[in-house]
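For reference, the structure discussed in these notes is given below.
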C-alpha cells in the first residue's frame, strides 16, 4: 500500500508544480487552490509512505515521478520545447526510479 500511495503522491507533485507555475505568483485563484490541495495531498501521501519505506528511496522516487511527469506535461502542452535529448533524460529518470523500487 505504501508504494501505491507514494506513486500517487509523486503524480500529485507534478500537479502542484504545474499549478504553481500557472498561479502566476498566487494571483490566479483556481491554480492557487489546486496547488494548495495537491501539495497537502502529495506531502501527506509522502509522509504516509515514509512510515514503512526508507526515506532516501521514497524521496528519490517521489521526486523522480514528479519531475518526469512535470516535464512530460509541459512538453505535451507546449509550455516547454520537445527534444529527443529531454525525452532520453526523462527515460533515464524513470529507469532510476524503477531501479530504486527493484533494489528495495
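The values are calculated or read from the model by the stated rules, or taken from the named source; none is laboratory data. Bear in mind that the values here come from a model prediction, so they are computed numbers and not experimental data. Virtual Cβ from ideal backbone geometry, glycine too; neighbours counted across all protein chains shown.
For the stretch 55-89, how many residues meet the condition of being closer than 17 Å to residue 15 by Cβ and part of a helix (DSSP H, G or I)?
17
Name, by its number, the condition in (1) under 16 Å from the mean Cα position of the chain (by Cα); (2) modelled with pLDDT of 95 or more that does not hold for residue 32.
So residue 32 meets the others, but not (1).
Return the pairs, sorted by first residue and then second, in which the second residue is surrounded by fewer than 16 Cβ atoms within 10 Å (Cβ to Cβ) and not in a helix (DSSP H, G or I), the first residue lies in the stretch 65-89 and is free of Cβ contacts under 8 Å to residues at least 24 places away in the same chain, the beta carbons are less than 6 Å apart, and the residues are 6+ apart or on different chains.
75/82
Does residue 52 qualify as being at pLDDT 95 or above, surrounded by fewer than 20 Cβ atoms within 10 Å (Cβ to Cβ) and not in a helix (DSSP H, G or I)? Working first, answer last.
Details: at pLDDT 95 or above: yes; surrounded by fewer than 20 Cβ atoms within 10 Å (Cβ to Cβ): yes; not in a helix (DSSP H, G or I): yes.
For residue 52, the condition - at pLDDT 95 or above, surrounded by fewer than 20 Cβ atoms within 10 Å (Cβ to Cβ) and not in a helix (DSSP H, G or I) - is met.
Output the residues belonging to the stretch 11-29 that are more than 15 Å from the chain's Cα centre (by Cα) and either buried (at least 16 other Cβ atoms within 10 Å of the Cβ) or touching a residue at least 24 places away in the same chain (Cβ under 8 Å) (or both).
Matches in the stretch 11-29: 23 only.
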